[in-house]
Amino acid sequence: MTPVIKAENLTYIYGEKTSFEVAAIKNINIEIQKGDFVGIIGHTGSGKSTLIQHFNGLLKPNSGRVLLDGSDIQESKESVRAARFKAGLCFQYPEYQLFEDTVYKDIAFGPKNMGLGEDEISARVLRAARFVGINEELLSKSPFDLSGGEKRRAAIAGVMAMEPEVLMLDEPTAGLDPRGRDMILGLIKEYHEHTGSTVLLVSHSMEAVARLASKVLVLNNSAVAMFGTVSEVFSRGRELMEMDLNVPEITRIFIGLRDRGLPVAASVYTNEQGRDEILRVFGEVAP
């Protein structure tokens, strides 16, 4: 099966051939399948945002290439334009990019630029607004009259309204309170389950990635350190900790239990798994 996204020897260098030259990403080789939910984690500066900006042609690699549905994104101007709609990107703090005089126009901006008819644009705006919980009466308001959480959801709706094959979100919960964070993560999970689209989520929250993702991509020093299922990656919790990444607290606890000789599994990354594993172990060792 052709992967929806394939990166081949992908390298991007800031300030190439200057004294400030630095590789933001280097020699990235990964395949992402249709319907995957991939959590992308790594330190600030590890290349997460740079990487996903290659997946819809916003950045052009210094070497290597990105294939979207088997075709090189950078093959032509037309292919780059098509990639922007097939792989929709929601930047960090997307509410800062709201600019139209109504919420409706902001959500409609992407579909309008796709050249769709007014009826289809309207249908997509209403679908996306309902999906993120934006009431229709808010669509006629200025986006600057919305609350912070509503602005964030309206901005995400603008990307969803393009109905991209791949939805990419760069730290979509940054700066939100716990309630707002949980709401945004919940709608992203629901979107993935409802549409079957591929979702790429850049996040510093290991708990969120462990709870939502099916696969995890770990970047370290601008290169791929790990890429696999959630279980495969979090079973290497000690390596993640050695990279100074904040693994889920439950994973830290179980690494500590293993260090103390308790025969628990290495791939515990949710509280529910931790409960089941403790019951399993105590069931085995109980008199």
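The values are calculated or read from the model by the stated rules, or taken from the named source; none is laboratory data. Just so you know, these numbers come straight off a predicted model, no measurement behind them. Cβ atoms come from the backbone with ideal geometry, glycine included; neighbour counts cover every protein chain shown.
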| task | May I ask you to verify whether Val38 is outside the structural domain of Ser205 (by TED's automatic domain parsing), modelled with pLDDT of 95 or more and of a type in the set (A, V, I, L, M, F, W, C)? | result | no
| query | Since Gln92 meets every condition but one in (1) at pLDDT 95 or above; (2) under 18 Å from Asn56 (Cβ atoms); (3) of a type outside the set (Phe, Trp, Tyr), which condition does it not meet? | reply | (1)
| Selection within segment 1-35 - modelled with pLDDT of 95 or more and basic (Lys, Arg) | Lys6, Lys26, Lys34
| remark: Scanning segment 124-166 residue by residue, those in a helix (DSSP H, G or I) and either aromatic (Phe, Trp, Tyr) or free of Cβ contacts under 8 Å to residues at least 24 places away in the same chain (or both) turn out to be Leu126, Arg130, Phe131, Glu136, Glu137, Phe144, Asp145, Glu150
| request: Name every residue in segment 61-104 that is surrounded by fewer than 18 Cβ atoms within 10 Å (Cβ to Cβ), within 19 Å of Ile156 (Cβ to Cβ) and hydroxyl-bearing (Ser, Thr, Tyr), in order of residue number. | output: Tyr93, Tyr96, Thr102
| Residue satisfying all of: in segment 57-75; in contact with a helix residue (DSSP H, G or I) (Cβ under 9 Å, 6 or more places away or on another chain) and part of a loop (DSSP other than H, G, I, E, B); farthest from Glu16 (Cα to Cα) among these | Asp69
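Matching residues to (1) touching a residue at least 60 places away in the same chain (Cβ under 8 Å); (2) within 30 Å of Thr195 (Cα to Cα):
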| residue | (1), (2) |
| --- | --- |
| Met1 | no, yes |
| Leu10 | no, yes |
| Lys26 | yes, no |
| Leu58 | no, yes |
| Val66 | yes, yes |
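Quick check: is even one residue across segment 97-110 assigned to a helix (DSSP H, G or I) and more than 18 Å from Leu126 (Cα to Cα)? Steps first, please.
Step one: filter segment 97-110 for residues assigned to a helix (DSSP H, G or I), giving 97, 103-110.
Next, from what is left, pick out any that are more than 18 Å from Leu126 (Cα to Cα): 97.
The answer is yes, given that some residue of segment 97-110 is assigned to a helix (DSSP H, G or I) and more than 18 Å from Leu126 (Cα to Cα).
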| task | Return the residue satisfying two criteria in turn: it lies in segment 237-248 and is without any contact (Cβ under 8 Å) to a residue 60 or more places away in the chain and within 21 Å of the chain's Cα centre (by Cα), and of such residues it is farthest from Arg211 (Cα to Cα). | result | Leu240
| task | Evaluate the following for Arg260: is it assigned by TED's automatic domain parsing to the domain that holds His43 and charged (D, E, K, R)? | result | no
| query | Which one is surrounded by the fewest Cβ atoms within 10 Å (Cβ to Cβ) among residues in segment 139-158 that are over 8 Å from Val103 (Cβ atoms) and under 18 Å from the mean Cα position of the chain (by Cα)? | reply | Ala155
| message | With the condition being under 30 Å from Asn29 (Cβ atoms), I'd like the helices (runs of 4 or more DSSP H) fully within segment 220-287 carrying at least 1 qualifying residues. | response | 230-234, 237-242, 249-259
| remark: Phe227 meets each of (1) touching a helix residue (DSSP H, G or I) at 6+ places or on another chain (Cβ under 7 Å); (2) buried (at least 19 other Cβ atoms within 10 Å of the Cβ); (3) not acidic (Asp, Glu) with one exception, condition (1)
| said: Based on this model, can you work out whether Tyr191 counts as in contact (Cβ under 8 Å) with a residue 24 or more places away in the chain, of a type outside the set (Val, Ile, Thr) and assigned to a helix (DSSP H, G or I)? | reply: yes
